[in-house]
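Here's the structure we're looking at; comments come further down.
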Amino acid sequence: MKFSSALSLVAGLVAISEAAPSTSVVESRALPLVQSNQLRRVLLRSELLKKGQILEDFAYSWSGRNRLIGTIGHNKTVNYLYDTLVATGYYDVAFQKFLISTPINETFTVGNSSYETVAMAFSEAGKVTAPIVKVANLGCDAADFPDLTGKIALISRGSCTFVIKASFAEAAGALGTVIYNNVSPGVIAGSGEGDFGPVLSITLTDGQALVAKLATGATVIGTMNVDIDSITTYNVIAETKGGDHNNVLMLGAHTDSVEAGPGINDNGSGSIGILEVALQLTKFSVNNAVRFGWWSGEEEGLLGATYYVENLSAAESAKIRLYMNFDMIASPNFVYQIYDGDGSSFGTSGAPGSAELEHLWEAYFPTEAGLAFDSTAFDGRSDYGPFLDAGIPAGGLTSGADEVKTPEQQAIFGGTAGIILDPNYHTAQDTLKNLNVGVWVQMTKGIAHAVATYARSWEGFPTRVTKRDASVSTVYKPTRKGGLWIS
Ligand SMILES: [Zn+2]
C-alpha cells in the first residue's frame, strides 16, 4: 500500500520536472528511498569522533570550559549545527530563539569561608545574612521544621524534591534555604517552580561540617547571594525538504551542557548522533518528512523542548506522528536502554505509538545488532517529557546517567555494578575520553534504524490521537515563574 503511494509520488515529481526542469527535483528523484541497513552502513565512527572533538573544542574555547546556555561554548554549538545543516541543502533549518532567566553569581559564605555552591534553577534573587538552623530529618514533612523566622534553613538532600523542602522552609519563615548533598562529590542544581527566596546547594562534606558545628550549640551566621539574569538561547530545528510534512517523524537531543564541564556524553553524544544521521540521510529520499530538534536549556528544566512544544498550534502538533529522544548515548558504564513506552516494566506508558517504538528497538537490538537491551523508566526526565504531555507518542534510547548499575546489568552488559552508568555525569571529566565509542556507534545505528523505518512508512503505526490545546503541557513548566519566557 505504501509502496504504491511512493510510486505515485515519484510519478508526480517526474511530471513536475518535465513541466519545469529543476535541478533539485532531478537530484531528489535520483536518491534511493532510505533503507535501514543502507543508512546504518554509511554511519562512521570517525565522523562521530571528529564532531565530538569539535564540541569539546567549543567548550574549551573559553574560560568556563563548558557549553552552558548563554555562553560562547553553547552558542558555537548551535551555530555549528545550523551551518552544517544549511550546507546540505537537504533541510529547511531555523533557529528558535527564546529567553530564560537563570540564577547567576550565586555565593554562600560563612565567616571568611566561601563554599562551593550552585543555585537551584527555581531560586529567587536575593541577599540574605542570617543564622543557620538545621532542619530535622530530610525536611520532607512540615513537622521537621522549627520556627525559622529570620533564619536560613539547612536541609539534607533526599527523599522529596528540592521544591518541597524549600516550600516548607519558606512556610516556616526562612529567608533562604541551603540544601546539602547526600552523596559525594559535588553540588546539585534541581529544577522546579516556586517563590521561596534564595535556594542553594552545597556539598555533602560542607553540609556535614555545618551540621557538626551547629550541634555544638554555636551560632553560625551564613550569607547567601543569588543574582538572576536573562539569557537568550536557541533551539535548532531542521526538517527534510522532501517527504510528507503532515506525517512527520521528529527526533531530538539537547545541545547544552551543565556548568561543570563540556558535556560530551551529556549530551554531545546525542546531539552528534542525530546530526550524523541527519547528514547521512541526505544520501536518500524519504516518504515521510523527518524533523530534527536540537534543544537548548535542557539542563535548566527541559526549557527548549517545552518552549517548542508549547508554541506548536494544535494543527502543527497533530502532524508529529512520533518524537524520539536521545540523551546520553555513549556512557562508559553503559546499558543499552530503551524507554519503557508500553509501561510493561515501569508502569508509565506514553500516547499510542510509544509502545510500537519501544517494540521496534526491542526487535532491532537482539536481531539486527546482536545486542542485549534493557528498559528504562519513561519518567519524562529528558526532552521527550513535554512531547508526552502534549499527547505526542514518544520514546528514545539512552545508555544511562546517574543510575547505579545492577549486578544483573553487569552480567549482561559488563562494566561495573554498584557505580553509576556515567561516573563522569555532570562533571568536568565528561569529555570525549569519557565516551564508550562502540556504544555511541551502536546507539547511532539504532537511531538510524528508527529514522529509516518511519521515514519510509507509518504502516502498522497508530494514527495520532490529538489532545486539545488546553491540555498541553501541564507538568513541564519553565523552572521559574513570572515572565520567564519571552519569545
Ligand atoms: Zn542530558
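Filtering the stretch 291-316 down to residues that are touching an Asp or Glu at 6+ places or on another chain (Cβ under 7 Å) and assigned to a strand (DSSP E or B), which residue is nearest to the ligand (Cβ to nearest atom)? Among those that are touching an Asp or Glu at 6+ places or on another chain (Cβ under 7 Å) and assigned to a strand (DSSP E or B), it is Trp295.
If I go through the stretch 350-365 residue by residue, how many of them are over 19 Å from Gly273 (Cβ atoms) and out of contact with any Phe, Trp or Tyr (no Cβ under 7 Å at 6 or more places or on another chain)?
First pass over the stretch 350-365, keeping only residues over 19 Å from Gly273 (Cβ atoms): 350-356, 359, 362-363.
Within this subset, residues satisfying the condition of being out of contact with any Phe, Trp or Tyr (no Cβ under 7 Å at 6 or more places or on another chain) are 351-352, 354-355, 359, 363.
Residues flagged as over 19 Å from Gly273 (Cβ atoms) and out of contact with any Phe, Trp or Tyr (no Cβ under 7 Å at 6 or more places or on another chain) within the stretch 350-365 amount to 6.
For the stretch 249-261, residues that are away from the ligand (no atom under 13 Å from the Cβ) and either closer than 17 Å to Met328 by Cα or surrounded by fewer than 21 Cβ atoms within 10 Å (Cβ to Cβ) (or both) total 2.
In the stretch 420-441, the residues that are of a type in the set (Gly, Ala, Ser) reach residues that are open to solvent by 30 Å² or more (accessible area, probe 1.4 Å) and assigned to a loop (DSSP other than H, G, I, E, B) with C-beta atoms within less than 6 angstrom, at least six apart or across chains, in these pairs: Ala428/Ala260.
Being of a type in the set (D, E, K, R), open to solvent by less than 10 Å² (accessible area, probe 1.4 Å) and either more than 16 Å from the ligand (Cβ to nearest atom) or without any contact (Cβ under 8 Å) to a residue 24 or more places away in the chain (or both) is a property that Glu276 has. Val118 - would you say it is in contact with a Pro (Cβ under 9 Å, 6 or more places away or on another chain), open to solvent by less than 20 Å² (accessible area, probe 1.4 Å) and of a type in the set (Val, Ile, Thr)? The answer is no for Val118.
Can you work out which of the residues in the stretch 378-405 that are among the acidic types (Asp, Glu) and either farther than 18 Å from Trp295 by Cα or assigned to a strand (DSSP E or B) (or both) is farthest from the chain's Cα centre (by Cα)? Talk me through it step by step, then tell me what you get.
Taking the stretch 378-405 and keeping what is among the acidic types (Asp, Glu), we get 379, 383, 389, 402-403.
The next check asks that each one be either farther than 18 Å from Trp295 by Cα or assigned to a strand (DSSP E or B) (or both); those that pass are 379, 402-403.
On the way: Asp379: 12, Asp402: 14, Glu403: 16 Å.
Out of the qualifying residues, it is Glu403.
Filter the stretch 122-165 down to residues that are among the charged types (D, E, K, R) and in a loop (DSSP other than H, G, I, E, B) and give me whichever is nearest to Val187 (Cα to Cα). Here the answer is Arg157.
For the stretch 362-377, what are the residues that are touching a residue at least 24 places away in the same chain (Cβ under 8 Å) and either within 16 Å of the ligand (Cβ to nearest atom) or outside any loop (DSSP other than H, G, I, E, B) (or both)? Listed by number, the residues that qualify are Glu362, Tyr364, Phe365, Glu368, Ala369, Asp374, Ser375, Thr376, Ala377.
Just one residue in the set Thr216, Thr282, Thr232 is away from the ligand (no atom under 16 Å from the Cβ), free of Cβ contacts under 8 Å to residues at least 40 places away in the same chain and open to solvent by 30 Å² or more (accessible area, probe 1.4 Å); that residue is Thr216. Residues of the stretch 317-334 include at least one that is within 12 Å of the ligand (Cβ to nearest atom) and in a strand (DSSP E or B).
For every residue, the table says whether it meets (1) among the charged types (D, E, K, R); (2) touching a residue at least 60 places away in the same chain (Cβ under 8 Å); (3) part of a loop (DSSP other than H, G, I, E, B); (4) closer than 17 Å to Leu55 by Cα.
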position	(1), (2), (3), (4)
Thr223	no, yes, no, no
Ile228	no, yes, no, no
Ile237	no, yes, no, no
Gly242	no, yes, yes, no
Leu249	no, yes, no, no
Asp256	yes, yes, yes, yes
Pro262	no, yes, yes, yes
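The values are calculated or read from the model by the stated rules, or taken from the named source; none is laboratory data. Source: prediction; values computed, not measured. Every residue, glycine among them, receives a Cβ derived from its backbone with ideal geometry; neighbour counts consider all protein chains shown. Ligands, DNA and RNA are stripped out before the accessible areas are found, and what is left, the full protein with its side chains, is counted by its heavy atoms. Shrake-Rupley method; radii C 1.70, N 1.55, O 1.52, S 1.80 Å.
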